[in-house]
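Okay, structure first, notes after.
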Amino acid sequence: MHKISVIIPAHNEEGYIGKTIEVLNKNNVSFELIVVCDSCKDNTGEIAKQYTDMVFNVDFQTVSKNRNFGVSKSSGDVLVFLDADTIVSDNYLSEISKMIETYDMGCAKWKSESNTILGNYIVWLTNRYNRKNIGGNFFIKKDLFNKLGGFNESMKRGEDTDLGERARKIGTHYVFMENCFIIPSERRYRENGYLKMIIKSGVWGFFYKNFRNYYNKKIGSKFYEQ
């Protein structure tokens, strides 16, 4: 029987993390919940403590370090990484429990929060062209994670894509789960404009693929705001 550890990095997420955890708890699967509060200046930690005793306050200012730290505190043999503002379907963890018997790593498809034309277009692009590197959620066997050396802590953006690429290079069995889903927050799209964010994501992807060192040092240098 596998034990699942869900790791959520958070930075000033008091308006989202409660709902994220409440919906996660609707999954009929037992799991260990670890919340890593990085430089939080709001009530994120206090809200998280209503659901788990494993809440840690750190000052790393990178998602990669937060996730690696969460893994160091985990006791499960299956790791699930989830963003603090992401909603999952009520069969999300049960699907992972099934898939882990055959696959080493995987993620769930996206659904649009806004259900608008642009929101659905973003989801379509992500599910069609980025299905092996979907951020915001994925699972991985802990022994594989350790074999890969965890997330690259020198990266401040794209650390999940990097981990996925390294995993596939050694022949990892990966699955894109279509029988469950996540709903990521579209707040950054609303705040900055959908078209602008779509173009920005395309630029990030281009630089990551073609100029990775520059991407890491320049484009990914700003502290994340989830």
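Could you list the residues of segment 30-61 with an amide nitrogen less than 18 Å from a label point located 7 Å from the Cα of Met1 in the Cα-to-C-beta direction? Residues passing the 18 Å test: 30-33.
A simple count of charges around Phe69, restricted to other residues whose Cβ falls under 14 Å of its Cβ and scoring Lys, Arg +1 and Asp, Glu -1, yields -1.
Label points 7 Å out from Cα along the Cβ direction at Lys73 and Glu165: separation in nm? Label at Lys73, label at Glu165, 3.0 nm between them.
In order along segment 67-79, the Karplus-derived 3J(HN,Hα) couplings, from 6.51 cos²θ - 1.76 cosθ + 1.60 at θ = phi - 60°, round to 5, 4, 5, x, 4, 5, 9, 8, 10, x, 9, 10, 9 Hz, and Gly and Pro are given as x.
Once backbone amide H atoms are built at 1.01 Å from N, Leu33 has Val6 as its partners under 5 Å, excluding neighbours fewer than 5 places away on the same chain.
Evaluating 6.51 cos²θ - 1.76 cosθ + 1.60 at θ = phi - 60° for every residue in segment 154-167, the Karplus couplings come out as 7, 9, 10, 7, x, 5, 6, 4, 4, 5, x, 5, 5, 5 Hz, glycine and proline recorded as x.
Summarising the amide proton neighbourhood of Met177: residues at separation of 5 or more, or on other chains, whose placed amide H is nearer than 5 Å comprise Cys107, Ala108, Lys109. What the phi angles of segment 144-151 give under the Karplus curve with 6.51, -1.76 and 1.60, with θ = phi - 60°, is a coupling list of 5, 4, 5, 4, 7, x, x, 6 Hz, glycine and proline written as x. Calculated FRET efficiency, Asp53 to Asn25, Cβ-Cβ distance, R0 = 22 Å: about 0.90 to the nearest 0.05. Applying both filters, DSSP loop and at most 15 other Cβ atoms within 10 Å, to the GluC sites (Glu not before Pro) of segment 1-83 eliminates every site.
Separation of the alpha carbons by more than 20 angstrom is noted, of Lys65/Lys147; Lys142/Lys169; Lys109/Lys156; Lys26/Lys156, for Lys109/Lys156; Lys26/Lys156.
Values in this text are rule-based calculations from the coordinates and carry no lab data. What you see is a predicted model, and the numbers here were worked out from it, not measured in a lab. Every residue, glycine among them, receives a Cβ derived from its backbone with ideal geometry; neighbour counts consider all protein chains shown.
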